[in-house]
Amino acid sequence: MLRHISPQLLRLLIVQVATVIFIIDAFTPLDIAIAVLYVVVVLASVHAWPRHVLRISGICVVLTLFGFLFSNWGHLVDASAGRCAVSLAAIAITGYLAHTNHIANERLWQQEETLRESRNQLAHAARVSTLGELAASIAHEVNQPLAAISANGSAALRWLNRPQPELEEVRIAIGRIQADTARASEVITRIRALARRSDPEQQALDLNEVARESAALVRRELKSHKVTLRLALAQGLPPVLGDRVQLQQVIINLLMNGMQAMDGQGGGRLELATQAGAEGGVQLSVADTGPGIASENLGRLFDPFFSTKPDGMGMGLAISRSIIDSHGGRIAATSSGSGAVLQCTLPALAEVPA
């Protein structure tokens, strides 16, 4: 609860509480260990002054001694001395434990940051590796609008070189050139986003749009693997909160995995589908018509370095699980004699905790 209070307000409250405790301890004749309440000040200081817990504990010790001396001057050795000793011990022990706990939490946070950075670096390396595998598809995606630009440019010149220039046809050709230029720019932007190393950027996303963009990047690979892709994207799905590049990486990994699973049978069919989850959220699945996954391998499919392919590194699906986990979702695989289905579920934006 203290974490929801602003640091300035919390510090003011701590000072006021410490003042009240000192006044009661020093100026009232209560025969109880009032000073032990400084423990509350020490614990609260973990959130207000996390780097100065020991100093705050020392101040509380000094206030306790001053309060004891002020209220018991002339008869220092009696029951109140025992209560003072109990209070001092409680403050010292609490301060030490709070300080060590803060140090441990800081180290844990640093380790988590290091782990997150390592995970991002690994995901980036995997994306770059995937881009290498998709070189033919990327070249095809860029070449198509460039070829169209060249064709429309030539057509525009022919219309202009006529004895009576057809300006309306020229305008139409130039409009097509602009559209193809924008299309080529979008492809290059998507590729640069996949290749660029940057921190995840959480935003509201239309999962259907991310799925379409990912499918476009593997179009050439589908053709080379003799695989047909069917999109079954449900309409009216709620947005999800996530990083566009990372989710594209997951979808491309799932599509590539499905294509490679059907290599031995000379092609097949893939279905990329989205739908509302049975327990809320949004589901995305990739189903193939390959040989399926052996039952003994289903439990290890998303483990690092495990692969059912002889030349596989076993990192694509492991990284995909890490990405889906970081988005608060889950990923699973099912298999039958007619293929396998890899399915991930992401929380809808309305379900994501603030």
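Points worth noting:
- Residue list for the stretch 244-283, restricted to those being in a loop (DSSP other than H, G, I, E, B), buried (at least 20 other Cβ atoms within 10 Å of the Cβ) and touching a residue at least 40 places away in the same chain (Cβ under 8 Å): GLY281
- Of residues in the stretch 1-26 being in a helix (DSSP H, G or I), of a type in the set (A, V, I, L, M, F, W, C) and under 36 Å from the mean Cα position of the chain (by Cα), the one surrounded by the most Cβ atoms within 10 Å (Cβ to Cβ): ILE14
- Considering the conditions (1) modelled with pLDDT of 80 or more; (2) within 29 Å of the chain's Cα centre (by Cα), THR289 is excluded by exactly one of them, (2).
- Just one of the listed residues (GLY328, GLY337) is at pLDDT below 70 and out of contact with any Asp or Glu (no Cβ under 6 Å at 6 or more places or on another chain), namely GLY337.
- Residue in the stretch 33-53 that is more than 46 Å from the chain's Cα centre (by Cα) and modelled with pLDDT under 85 present: yes
- Answer residue from the stretch 27-76, given it is buried (at least 16 other Cβ atoms within 10 Å of the Cβ) and hydroxyl-bearing (Ser, Thr, Tyr) and is farthest from LEU10 (Cα to Cα) among those: SER71
- Checked against the criterion of being modelled with pLDDT of 85 or more and touching a His at 6+ places or on another chain (Cβ under 8 Å), the candidates LEU233, LEU247 yield just one match: LEU247.
- Any hit, the stretch 178-194, residues being modelled with pLDDT of 85 or more, of a type outside the set (Val, Ile, Thr) and not assigned by TED's automatic domain parsing to the domain that holds GLU279: yes
The values are calculated or read from the model by the stated rules, or taken from the named source; none is laboratory data. None of these values were measured; they are calculated from a predicted model. Positions of Cβ are generated from backbone atoms using ideal geometry, with glycine treated the same way; all protein chains shown enter the neighbour counts.
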